[in-house]
1. Which FRET efficiency value, to the nearest 0.05, is calculated for E192 and R289 with the Förster distance at 35 angstrom and r the Cβ-Cβ distance?
2. If the cut-off is 18 Å between C-alpha atoms, which lysines fall inside it for K235, apart from same-chain ones fewer than 8 positions away?
3. May I ask you to sort Y120, Y58 by Cβ crowding, counting other Cβ atoms within 10 Å and putting the fewest first?
4. Along Cα→Cβ, 7 Å out, is where each label goes; now give me the distance between the ones at A393 and H40 in nm to one decimal.
5. For the range 2-110, I need the span (max minus min coordinate) of the C-alpha atoms along each principal axis, in Å, sorted largest to smallest.
6. Figure the gain on full extension for E179 and I84 (residue separation times 0.36 nm, minus the Cα-Cα span) and round it to one decimal in nm.
7. Once R0 is set to 51 Å, what does the formula 1/(1 + (r/R0)^6) return for the Cβ-Cβ distance between R33 and D406, expressed as a FRET efficiency to the nearest 0.05?
8. What does the charge count near V103 come to, summing +1 for each Lys or Arg and -1 for each Asp or Glu among other residues with Cβ under 13 Å from its Cβ?
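What follows is calculated from the coordinates using simple rules that are stated; it is not laboratory data. Predicted, not measured: the structure shown is a model, and the values here were computed from it. Cβ coordinates were reconstructed from backbone atoms using ideal geometry, including for glycine residues, and neighbour counts include every protein chain displayed.
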Amino acid sequence: MSSTVQALSPVLVEIRLSVPWERLQSAVQERLREVGRKAHVRGFRPGKVPPSVLRQVYGRAVEIEAASELAVQGVGEALREHAIVPCALPEIDEPRIEAGRPVEVRARVEVFPRIERISYDGLEVSWSPPSVTDRDVETVVHRLRVSKAALQVPDPPRPSRPGDVLTGDLTVPGPDGSEHTVVGATFSLPDEEPLGPVDRALCGRSVGEQVDLAAAATAEQGASPPSTTPGQGSKRFVVREIRERILPALDDEFARDVGPCETLEQLRAWVRERLERKAREQAEQELHRALLDRLAELNPVPVPPSLVQATRAKLVERVRSTVDESIRERLGGSFDALVQQASALEAERFARVHLLLDAVARLEGLEVTDADVEARLEQIARERGQPVARIRAETRTREVRDRIADEIRHDRVLALLRSRARIVPPRPPSNGAAGAPGDVDATRRGEASGPGAAARTEAASTDADAVRGP
């Protein structure tokens, strides 16, 4: 079979095959002999049907099957002959069959782009080492106190305020227009700013008072308050009890109660160490993200659509596996829609970065050996506290070991990019505004945000359970 290849785009080629008529007829004859051994044709015993009758009855169907099989074989031969590496199964048109003429076949194949030159030396990114302030530490220590607080009804009675725990009856609309009331629903009001719209709406309330939570939430967003007609989207809470938190004394006994510490100062040092470790991890992730964003920006290589689709499917599955099943069920279709939308934005970038990392590794000669994979398995075993034999058993398939090799290779490329990068301090916020939300240029350059701010955010979002965890 003769074949020609034409590049339709950097990631799509067209293969044209010409199958000699004689080869097709030879394949048809072989298939007809196979059919004849078992064919049931009226008036003939199985295996005794004349070839002319077999061709009359089965000829056209067998010819189409033989042509399709030859087309698949021919495309495979063409891929090997022209050294084409496909990234998806070829799309083969139905062969065009005309008596006495070569069978013409066309196929389109998505391929990995040829990346011969990449700009990756001296990537400029904005980044600074992480920092944790005394305020960050005290924020977490305070939340630990809140987690150990006792609850009691205020005496004398008073309206609710930040830090209180409210219990009451929560009425929500059902999908069929009916209403459902949850007796004993609890709202725990934070004692730190900023308060959310619902938290603010629940402050200053007395026992027996009703609060329209849906109206409070929409009013905060500047929308018109929803209807409070039963079954029309109302969400109401009636306060039945107000309890205030009584925080434990901030002393050595408290330190021994919440952490592996003997004194309050040891507790603060313990909290600081955990915050600094988390800040370092987040800062490293931000730096890596900035380097990869900059790499992708400077090298906008085309990405095969099938690779984007496969990457998107993996991203969706990864998100689904990390979100609690009860949350997915509660959100229903909206969860899947949000995940699909978010993954669509990330998939092409993710796939492009993967191609570029592989290309840099090839240009730099960064190879991963079986010994490297074995060392990574031993590292995983130590981190998990499990026997290495168990880790080997879990990763014995070629697919899993290839994935581990990819991770090692990409880690080495990231280390190389970082060693050659030009890392500059973040620019100060314009007009003294913290965070500089309007800095579009920084976003376009893929700069990492300041880890100092990230550490403060982390402290504000870390709850007592997270701090107590391993």
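1. Numbers: r = 29 Å, r/R0 = 0.82.
Rounded to the nearest 0.05, the efficiency is 0.75.
2. Output for K235: empty list, no partners.
3. Working: Y120 22, Y58 19.
Ranking Y120, Y58 by Cβ neighbours within 10 Å, fewest first, gives Y58, Y120.
4. Rounded to a tenth, the inter-label distance reads 5.1 nm.
5. 58, 26, 19
6. Numbers: separation 95, 0.36 × 95 = 34.20 nm, distance 6.25 nm.
Length gained between E179 and I84: 28.0 nm.
7. Numbers: r = 48 Å, r/R0 = 0.94.
That pair, R33 with D406, gives E of 0.60.
8. On the way: positive: R16, R23, R96, R101, R106; negative: E22, E63, E65, E69, D93, E94, E98, E104.
Net local charge, V103 excluded: -3.
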